[in-house]
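The values are calculated or read from the model by the stated rules, or taken from the named source; none is laboratory data. If you're wondering where the values come from, they're calculated on a predicted model, not measured in any experiment. Cβ coordinates were reconstructed from backbone atoms using ideal geometry, including for glycine residues, and neighbour counts include every protein chain displayed. In case anyone asks, the SASA skips ligands and DNA or RNA and just uses the protein heavy atoms, side chains included. Shrake-Rupley method; radii C 1.70, N 1.55, O 1.52, S 1.80 Å.
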Amino acid sequence: MSLEIPMTKLEAVNAMLADDGSRKTDPLTSPTRGDVIRAVDTLDRLSRSVQLRGHWFNTEKVTLTINGSSKYVVDAAIVHVEVISGGPTNGTHGTPKLVVRAGYLYDTVNGTNTFVNGPTIRAVAFRLLPYESLPSSAREYIYATASLRNNSQAFGSRAIDRDLKEQAETALALLNEEDIDAENLDQTLSPHFLQMMHLR
């Protein structure tokens with residue numbers, strides 16, 4: 001069983017296949033083997049699930065502006081937007097609440113994705129990244145958890161499950177620690193913190 005961190009998506013899928021005793025594959029384009037398709041699908045679903053939570057590595061600040069159709073276009077890789085400043089402040093039914101829907105910002109309070117003369121928006125966004133762009137801790141956690149799920153569905157080997165669970169738990173602990181470190185660093189660079197330090 002593989003305990004090293006797969007560096008590429010192909011390596012991750014091949015590690016998953018090795019964990020359940022299957023032969024390797026190359027390349028991943030248009031796979032036809034059922035075990036390969038299942039492994040790729042499981043890895044993709046786990047990667048998306050992990051990134052949807054928002055971590056230090058896929059959280060970024062973005063600027064959104066209105067387009068010619070009076071809509072805020074959101075990049076296809078962005079799955080969550082939280083407005084920091086700007087944007088519409090009122091609507092027919094109340095203060096707008098903006099979410100990502102079908103590639104645009106959508107106001108769930110007023111039921112529209114059209115904003116006439118909408119001001120520029122600054123927002124925090126979660127961006128879905130390819131496996132290879134993730135930090136080692138995230139890749140290890142996603143691989144181990146996906147392989148665990150894949151193996152349990154196919155064979156349910158207790159020995160492999162135990163090792164993968166331990167690897168996943170260790171990687172998750174490291175990932176959470178990195179999130180905390182990044183959050184603390186971000187707070188020390190915030191205007192509020194700098195102002196407090198200046199007044200000391």
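Details
- Index of the failed condition, Lys24 passing every other in (1) surrounded by 17 or more Cβ atoms within 10 Å (Cβ to Cβ); (2) touching a helix residue (DSSP H, G or I) at 6+ places or on another chain (Cβ under 6 Å); (3) not polar (S, T, N, Q): (1)
- Number of residues in segment 92-121 that are more than 21 Å from the chain's Cα centre (by Cα), open to solvent by 50 Å² or more (accessible area, probe 1.4 Å) and among the aliphatic types (A, V, I, L, M) equals 2.
- Answer residue from segment 61-81, given it is under 19 Å from Arg48 (Cβ atoms) and touching a Leu at 6+ places or on another chain (Cβ under 9 Å) and is surrounded by the most Cβ atoms within 10 Å (Cβ to Cβ) among those: Val74
- Considering residues of segment 27-53 that are more than 23 Å from Val99 (Cα to Cα) and among the hydroxyl-bearing types (Ser, Thr, Tyr) only, the residue most open to solvent (accessible area, probe 1.4 Å): Thr32
- Filtered residue count, segment 126-151, keeping only those that are open to solvent by 30 Å² or more (accessible area, probe 1.4 Å) and of a type in the set (Gly, Ala, Ser): 2
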